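One structure is given below, encoded as structure tokens.
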Amino acid sequence: MIRLNPECPHCHQKDAIRKHGTSKIGLQRYLCRRCNKTFQARYYYRAHDHNLSRQIGELAQNGWSSQKIGRHLRISVNTVNRRLKNITTDNDYLVD
């Protein structure tokens, strides 16, 4: 069996990764020794997707409602609203 170490999603290191227990549902967790952050190689929680905020922002700009975005992306409306709030507060400094 070939064992491949995953890449840290935070600092993108591959050689500083070690196993760090399991999650509540039994998935392997890893620790990056370089940035000292933990992560999993894959997630079941759909809202953890790194591109989700971008997708929510694009759909909202196209006039989609929070409920429609939630149904389309198969996530909770509360998650959609929270991400939209974070997107607008993060981008406030860009608008003058």
Quiz item: So which lysines can LYS37 reach, going by Cα to Cα under 25 Å and dropping same-chain residues fewer than 8 places off?
Solution: LYS14, LYS19, LYS24
Quiz item: What translational D, rounded to a whole number of µm²/s, comes out for the chain from Stokes-Einstein when the hydrodynamic radius is the Kirkwood one over Cα pairs, at 10 °C and 1.306 mPa s?
Solution: 102
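As an exercise, identify the chymotrypsin sites (Phe, Trp or Tyr not before Pro) in region 1-45 lying in DSSP coil whose Cβ has no more than 14 other Cβ atoms within 10 Å.
Of the chymotrypsin sites (Phe, Trp or Tyr not before Pro), the ones in loops of region 1-45 whose Cβ has at most 14 other Cβ atoms within 10 Å are TYR43, TYR44, TYR45.
Please tell me the relative contact order of the chain in percent, rounded to the nearest whole number, where contacts are Cα pairs under 8 Å and at least six residues apart. Working shown, then result.
Working: 88 pairs, mean separation 14.8, N = 96.
Relative CO of the chain lands at 15 percent.
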Exercise. For GLN13 and LYS37, calculate 0.36 nm times their separation in residues minus their Cα-Cα distance, and state this gained length in nm to one decimal.
Key: 7.5 nm
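Every read-out reported here was derived from the displayed coordinates using simple, explicitly stated rules and does not represent laboratory data. These numbers were taken from a predicted model, which means no experiment stands behind them. With ideal geometry, Cβ positions are generated from the backbone for all residues, glycine too; neighbour counts draw on all protein chains shown.
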